[in-house]
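> Have a look at the structure that comes next, please.
Values in this text are rule-based calculations from the coordinates and carry no lab data. None of these values were measured; they are calculated from a predicted model. Quick reminder, even Gly has a Cβ in these numbers, built from the backbone with ideal geometry, and neighbours come from all protein chains shown.
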Amino acid sequence: MKICIIGIGYVGLVTATCFADLGNSVWCVDNDQDKVDLLNRGQIPIYEPGLDELVNKNYFAKRLKFTMNLNLAVKSSDIIFICVGTPSLKKSRSPDLQFVFEVATEISKYIKKFKIIVNKSTVPVTTGDKIEQLISKKIKKELFEVVSNPEFLREGDAIRDFRFPDRIVLGTNNKKVLKKMVSLYDPLIKKGAKLFTTNRRGAELIKYSSNAFLATKVSFINELANLCENSDIDVEDVALGMGLDQRIGARFLRVGPAYGGSCFPKDTKAITVMGDQFRTNLSIVKSVIKSNEKRKKLLTKKIEKILSNKVKNKKIAFLGVTFKANTDDMRESSSLTMIPTLSKKGAIINYYEPTGEKNEFSRLNNVTFCDNISTACLKVDLIIIHTEWNEFKAIDFKKISKNKKLKIYDMRNLYSPHKMNKQGLSYYSIGR
Ligand code: UDX
């Protein structure tokens, strides 16, 4: 099929490349000239394992094309995906829909024959209705149909999540359009993906409520970890014991330093705004948002406590600063709370990040990027494991730090307390 993806970000580029890899002809459109030029030079602007080679394979097979020319892309496609960002507005908890509406207005200028317009961006309930009204101002309703098709891609696993989705959610009541969308997704459905169809608003809410529930699950185990620390229980046992219940499930029960990323924080806030707009108080999600924000400060205080509340001039090494492993994304990462707070208190901080130096820390005093674990950890007082990269899972701490009084704060419970204490290491972790 001939499709067009507008917005070449984390979701757009993965979606476009994976559809091209299924044999479709895909135009990718972005208004960022540098990004389009970079992609046409065979380089990709984001870190996503496996994406580089997949983009180049499909680019050279001429199934994947990058352009700023929306007119050309719309005219050459039957299905047009809107994949632009919907970041949280600065002053409120609502998502910023300006890019979605701008693109919808732009598309309507170039529609001359029937097109399916698919909204893949995460948008509040009724946004599909608003896009339809916007486009109807410019062209006859018979010439288009707006469908909601939310994505469930995790950064770091996005290609896998596209290829083997638990479900494909399509929000439309138009039978003809549904048939076309089903044939586009047919290769995935044939491999076992469940197809779930509902109306447009239903699909919009499924996306937000899925993320809000996952964030709730993560926050739940993080709060239980606090209880376990105060009651001499191992939270890993609790998580395993809970997860064996099919109704609960083991996934998204891993403790951590607080959830981050471009989605959970934004989507939990957005669904509570939607609730308020429809006069429904989503109190559980509101408490999850508060609990997660508090957690970042709680763990920063825990770091100070491990250093006997004497932070000034103490040397700390952070291993990983992004919001989770296998991504370069710093959005809402808990390190953005921890490192500035500790730096302000006079700590001397090294950080090693597998995806490279981060601008977010460039203006902070005494915060230095190191390009390997050993340099970051040499002679430090405290090593903090902030993300769960594989390369952090078998470190010989004694060898790399050369400090007999070294402390380790493992925020992802990668190590066994028993084994660490047996080595005489002063080891702290979460919920144990
Ligand atoms: C999420 C959703 O999983 C995905 O379906 C949606 O499309 C986009 O948002 P992503 O934000 O990439 O994906 O990351 P995810 O793997 O869900 O993790 C989100 C946050 O929760 C991270 O900070 C992660 O460290 C944390 N997390 C996740 C935990 O602390 N414990 C877990 O068990 C799982």
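> Among 189, 86, 7, which residue has its Cα furthest toward the positive end of the charge dipole of segment 2-198, with +1 on Lys/Arg Cβ and -1 on Asp/Glu Cβ?
After comparing all options, I get 189.
> Report the extension gain between residue 237 and residue 136 in nm, rounded to one decimal, defined as 0.36 nm multiplied by the number of residues separating them, less their alpha carbon distance. Working shown, then result.
Working: separation 101, 0.36 × 101 = 36.36 nm, distance 5.60 nm.
Length gained, residue 237 through residue 136: 30.8 nm.
> Would you mind telling me which residue in 394, 317, 16 has the biggest mean-square fluctuation in a Gaussian network model of the chain, where springs connect alpha carbons within a distance under 10 angstrom?
Its mean-square fluctuation being the largest, the pick is 394.
> Kirkwood Rh, segment 117-191, all Cα pairs: how many Å?
On the way: mean 1/r = 0.0727 Å⁻¹.
Answer for segment 117-191: a Kirkwood hydrodynamic radius of 13.8 Å.
> List the lysines whose Cα lies under 16 Å from the Cα of residue 422, skipping any in the same chain that are fewer than 8 positions away.
398, 399, 404, 405, 407
> So for segment 2-198, considering every pair of alpha-carbon atoms, how many percent are separated by more than 27 Å? The partial results should precede the final answer.
Numbers: 4715 of 19306 pairs.
That tail contains 24 percent of the Cα-Cα pairs.
> Calculate the dipole size of segment 328-432 relative to its Cα centre from +1 charges on Lys and Arg beta carbons and -1 charges on Asp and Glu beta carbons; express the result in debye to the nearest 20.
Values: 17 positive and 12 negative charges, 155 e Å.
Dipole size: approximately 740 debye.
> Let me ask something additional. Where in the chain are the DSSP H helices whose C-alpha atoms run 30 Å or more along the long axis and whose mean Kyte hydropathy is at least -1.0? Could you put the intermediate results ahead of the total?
Values: long enough: 200-230 (46 Å, -0.08); 283-306 (34 Å, -0.64).
Both cut-offs are met by 200-230, 283-306.
> Right, something else. What's the FRET efficiency of residue 357 with residue 396 using the Cβ-Cβ distance as r and R₀ = 35 Å, to the nearest 0.05? Each step should come with its number before you reach the end.
On the way: r = 25 Å, r/R0 = 0.72.
With R0 = 35 Å, the Cβ-Cβ based efficiency is 0.90.
> If you don't mind, there's one more thing I want to ask. Considering the alpha-carbon set of segment 139-265 alone, what are its Rg and its Dmax in angstrom?
Answer for segment 139-265, Rg first and Dmax second: 18.8, 66 Å.
> Among 406, 59, 283, pick out the residue whose Cα is farthest towards the positive end of the charge dipole of the chain, where Lys and Arg carry +1 and Asp and Glu carry -1 on C-beta, about the Cα centre.
283
> Using the Kirkwood formula on the Cα atoms of segment 5-59, what hydrodynamic radius do you get, in angstrom to one decimal? Don't jump to the answer; show the numbers that get you there.
Numbers: mean 1/r = 0.0906 Å⁻¹.
11.0 Å is the Kirkwood radius here.
> Return P(r) of the chain (all Cα-Cα pairs; 10 Å bins starting at 0; whole %; ordered from short to long distances).
4, 20, 27, 24, 16, 7, 2, 0
> To the nearest 0.05, what FRET efficiency results for residue 364 and residue 247 with a Förster distance of 41 Å applied to their C-beta separation? Provide the component values of the computation, followed by the final result.
On the way: r = 45 Å, r/R0 = 1.10.
For R0 = 41 Å, the calculated efficiency reads 0.35.
> In addition: Give me Rg/Rg_expected for segment 208-293, where Rg uses Cα atoms only and Rg_expected = 2.2 N^0.38 Å with N residues. Mind showing how you got there, number by number?
Numbers: Rg = 13.8 Å, N = 86, 2.2 N^0.38 = 12.0 Å.
Cα Rg divided by the expected 2.2 N^0.38 Å: 1.15.
> Could you give the dipole magnitude of segment 2-198 about its Cα centre, charging the beta-carbon of Lys and Arg +1 and that of Asp and Glu -1, in debye to the nearest 20?
Details: 32 positive and 22 negative charges, 178 e Å.
The dipole of segment 2-198 has a size of about 860 debye.
> Where both residues lie in the chain, what percent of DSSP beta bridges are antiparallel, nearest 5? Write out the running numbers ahead of the final one.
Numbers: 2 of 49 bridges.
So the antiparallel bridges in the chain amount to around 5 percent.
> Rounded to the nearest 5, what % of the DSSP beta bridges within segment 2-198 are antiparallel ones?
So the antiparallel bridges amount to about 5 percent of the total.
> At 0.36 nm per residue, minus the direct Cα-Cα distance, what do residue 75 and residue 328 gain on full extension? Give it in nm, one decimal, please.
Numbers: separation 253, 0.36 × 253 = 91.08 nm, distance 3.48 nm.
Stretched out fully, the residue 75 to residue 328 stretch lengthens by 87.6 nm.
> Under the 0.36 nm per residue contour assumption, what length would be gained going from the current alpha-carbon distance of residue 423 and residue 309 to full extension? Intermediate results must be reported in sequence, preceding the final value.
Details: separation 114, 0.36 × 114 = 41.04 nm, distance 2.51 nm.
Here the segment from residue 423 to residue 309 would lengthen by 38.5 nm.
> Extending each Cα 7 Å along its Cβ direction at residue 201 and residue 126, get the distance between those two points in nm, one decimal.
So the two model labels end up 0.8 nm from each other.
> Using +1 on the beta carbon of Lys and Arg, -1 on that of Asp and Glu, and nothing else charged, what's the dipole of the chain about the Cα centre, debye to 20?
Details: 73 positive and 46 negative charges, 113 e Å.
The dipole magnitude comes to about 540 debye.
> How large are Rg and Dmax for segment 316-432 when calculated on the C-alpha trace, in angstrom?
When restricted to the Cα atoms of segment 316-432, Rg and Dmax are 13.4, 40 Å.
> For the chain, what is the calculated [θ] at 222 nm in deg cm²/dmol (nearest 500), taking -39500 (n - 2.57) for each run of four or more DSSP H residues and dividing by its residue count? Mind dumping the intermediate values first?
Numbers: 16 runs with 183 residues, N = 432.
Calculated from helices alone, the mean residue ellipticity at 222 nm is -13000 deg cm²/dmol.
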